[in-house]
Amino acid sequence: MPWFVWLLAAAALGAAEFFTLTLFFGLLAGAALVAAVVAGVGIGLLGQLVALGAAAAVGLVIVRPVALRHMTQQPLMREGSDALIGKRAEVMQEVTATRGLIKLSGEEWSARALDESLVIPVGALVDVMEIEGATAIVYPRELLP
């Protein structure tokens, strides 16, 4: 029953992956499952070790780098208030370093100037540089490079 031993090894490696989240032990668990299948078919120990090594090499050399790259990429679509960053808005009430009001995506938002020395007049177009809570931090479009 060598296939059962490989299944136990796969379960142990899967548990280790669950606690470490490194994408290393999980791929080795998959390789142990491949070895279990090979053992279940009736191939000897040497064939099982070759299958384990080949599956582990493919996982660690090809699959892991691709998976890590996908995990570190920023999402293509921003959601919530993050989606408002970079949008254009119109000043409804004068915007200073401490207060102001803008019309952003059809809604009125409290705002303040990114540059504390600026006073942005009513009717000016601004770009949203960041969102802090329910306040948009803005900068005048005409001053952008």
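Of all residues assigned to segment 70-92, at least one qualifies as being open to solvent by less than 40 Å² (accessible area, probe 1.4 Å), small (G, A, S) and not in a helix (DSSP H, G or I).
Does G44 meet the test of being within 29 Å of Y139 (Cβ to Cβ), open to solvent by 30 Å² or more (accessible area, probe 1.4 Å) and of a type in the set (G, A, S)? No, not satisfied. Among the residues here, A136 does not qualify as surrounded by 12 or more Cβ atoms within 10 Å (Cβ to Cβ) and closer than 30 Å to V37 by Cβ.
Scan segment 1-32 for residues that are surrounded by 15 or more Cβ atoms within 10 Å (Cβ to Cβ), under 36 Å from the mean Cα position of the chain (by Cα) and more than 18 Å from V61 (Cβ to Cβ) and the total you get is 6. Does any residue of segment 17-24 turn out to be at pLDDT 90 or above and not aromatic (F, W, Y)? Yes, the conditions are met somewhere in segment 17-24.
Residue by residue through segment 39-95, note down the ones that are acidic (D, E) and touching a Leu at 6+ places or on another chain (Cβ under 9 Å).
Just the residues of segment 39-95 that are acidic (D, E), to begin with: 79, 82, 90, 94.
If the condition is that a residue be acidic (D, E) and touching a Leu at 6+ places or on another chain (Cβ under 9 Å), then E90, E94 are the ones that fit.
Filter segment 110-145 for residues that are among the acidic types (D, E) and part of a strand (DSSP E or B); which is farthest from E79 (Cα to Cα)? Among them, the one singled out is D127. Within segment 35-42, does at least one residue satisfy the condition of being part of a loop (DSSP other than H, G, I, E, B) and closer than 30 Å to I131 by Cα? No, segment 35-42 contains no residue that is part of a loop (DSSP other than H, G, I, E, B) and closer than 30 Å to I131 by Cα.
Table: residues versus (1) touching a residue at least 24 places away in the same chain (Cβ under 8 Å); (2) over 17 Å from A67 (Cβ atoms).
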| residue | (1), (2) |
| --- | --- |
| L13 | no, no |
| F19 | no, yes |
| F25 | no, no |
| A32 | yes, yes |
| A36 | yes, yes |
| G40 | yes, yes |
| L46 | no, yes |
| G53 | no, yes |
| A56 | yes, no |
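The values are calculated or read from the model by the stated rules, or taken from the named source; none is laboratory data. Just so it is clear, the structure is predicted and the values come from calculations on it, not from any experiment. We place every Cβ from the backbone using ideal geometry, glycine too, and count neighbours over all the protein chains shown. Protein only, heavy atoms only, side chains kept; ligands, DNA and RNA dropped before computing areas. Shrake-Rupley method; radii C 1.70, N 1.55, O 1.52, S 1.80 Å.
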